[in-house]
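This report concerns only the one structure given below.
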Amino acid sequence: MLRKWQSECVEQALKLYLSGHTHFQIQATPGSGKTITAATIAKKLFDLDKIDLVLCFSPSLTIAEGTQRTFEWQFDCSFNGGLGSVGATFTYQCMKHIKTSFWETIKKYRLFVVFDEVHHCAGNDIENSNVWGEQILSKIHDIAQYTLSLSGTPWRSDAQPITLAKYSDNEQCILCDYQYSLKQSIEDRVCRSPKIVLVDNERLSITESSEHKSFFSISELLKRSSVPYKNIIQHDEACIYILGLACKKLSQIRTDNPNAGGLVVASSVAHAVAIQKMLNETFQQSTAIVTYQHENAVETINHFRHDTTQWIVSVGMISEGTDIPRLQVCCHLSSIKTELYFRQVLGRILRTNEFLNQEAWLFTFAEENLVQFAEQVEKDIPDSCLYINAQRQKDSSEYSNSENRMSSNELDRLNLKMNGEESSFDWGKESLDKKVRTLSTNEYSHKKLDVGSFHERVIEAFL
């Protein structure tokens, strides 16, 4: 049975499609059920004899496989591109590898195309598009009977327009055909109300040769010194402190929800490996890890989704679109500090499930940008959805950062695969077990960063 917002959205989409519109864009908060909505729209168009085939595109194999399962459930048939199937799922990466003969064949059918997490596709014409946007505009736009775009965060950090999106003439704001906000989803009990814990430190100091400098906050340190943010998220004592807070909170939640899980978003593969070892050896937690260098990442995520392992440590694998409702605690320890990425990470712990305790806690450091993003959570679409024409960038993803790269093995599997209040308390300073490798970077090894008294600020949304 559809939720109220899903029924309204389906009705609105069908109304516009049947009145001559060919494109529909949905902005719905992460975890609210966009994929089921898309599958329902597709099934109704199919039952009305308006379409023959459905193609779905998404930014990762994990999302694509989840989409395949949902569409197979909705259509009660295979959705893997094989005989008897009504469609298939692809990743955006493989669009440019699909043979011309495929597109020529598909022209014979009335096609419905779904673009999930469409903000990864940039450009409203060939000249200003990225690789994925160019493929949509040159190969799909003109042959599709109807198209549907989905996003929980419909804006781009590089200020380029989203492919197929409509914008206002004056303010250049994105115009969605249907919007479902985080506030609405919390009121409807579709999503959890998040609490964001900003960890700061009032006694930071740097020693370089005989010079000693002191700072009263992380933001001050980053502004008035050459120390980069990655030295904070990779600092031994800082990691121990924030992971300790998160482990304590997860333990409390698991008193009510025995299978509740936590997610750590790390900054690199080495960072993820070290954090996993810290969770195992310092906090005696059970863990899984998924990065572009670890084999069988998709299988690991699927296994974690249904088991009782306490933590999963990820680099660029569980930032958006991944449905793991038992995740209720998250540590944002990535070096990516954009609002888009922040909200995508927050979205991983918002999806509700059947258990009594529906708390959602995000732990991160009080870096200036992250503080601002946390304070703006109640605004579902920030000012960054405004855009200016930017220089053309031929990136296959919004982030050229190594955090989002996939392994060559995974890319091989993608290509041409048809799938289907303020609060402070003393945690205490614990020393890192000597068996755990240091997290500190070598770039600023000539400087010594000392940390003193940590404290936390808790932001609660929509009270």
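The numbers here are math on the coordinates, done by the rules we state, and not lab data. Note that the coordinates shown come from a computational prediction; the quantities given were computed from them, not determined experimentally. When we count neighbours, we look across all protein chains shown, and the Cβ atoms used for this are built from the backbone with ideal geometry, even at glycine.
Structure values in brief
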quantity: Protection-proxy order for peptides 61-74, 284-297, each taking the mean of Cβ atoms within 10 Å per residue, highest first; calculated: 61-74, 284-297
quantity: For segment 4-187, share of DSSP beta bridges that run antiparallel, in % to the nearest 5; calculated: 10 percent
quantity: Debye-sum result for segment 210-291 in log10 I(q)/I(0), which assumes one identical scatterer on each alpha carbon, at q = 0.12, 0.14, 0.15, 0.24 Å⁻¹; calculated: -0.45, -0.59, -0.66, -1.17
quantity: Contact order normalised by residue count of segment 4-187, Cα under 8 Å, 6+ apart, percent; calculated: 28 percent
quantity: 109, 178, 167 arranged by Cβ crowding within 10 Å, fewest neighbours leading; calculated: 109, 167, 178
quantity: Sequence of 56, 176 once ranked by neighbouring C-beta atoms within 10 Å, starting from the fewest; calculated: 176, 56
quantity: Shape parameters for segment 4-187, alpha-carbon atoms, Rg then Dmax in Å; calculated: 15.6, 49
quantity: Label point distance in nm, residue 157-residue 138, each placed 7 Å from Cα along Cα→Cβ; calculated: 2.7 nm
quantity: Rg(Cα) / (2.2 N^0.38 Å) computed for segment 132-249, rounded to two decimals; calculated: 1.68
quantity: Set of segment 60-91 residues, backbone N closer than 17 Å to the point 7 Å along the Cα-Cβ line of residue 99; calculated: 81-83
quantity: When each of 379/448; 166/337; 50/139; 34/139 is checked by Cα-Cα distance, pairs over 32 Å; calculated: 379/448
quantity: Ranking of 313, 298 by count of other Cβ atoms within 10 Å, fewest first; calculated: 298, 313
quantity: Inter-label distance for residue 453 and residue 18, nm, one decimal - labels placed 7 Å from Cα along Cα-to-Cβ; calculated: 6.6 nm
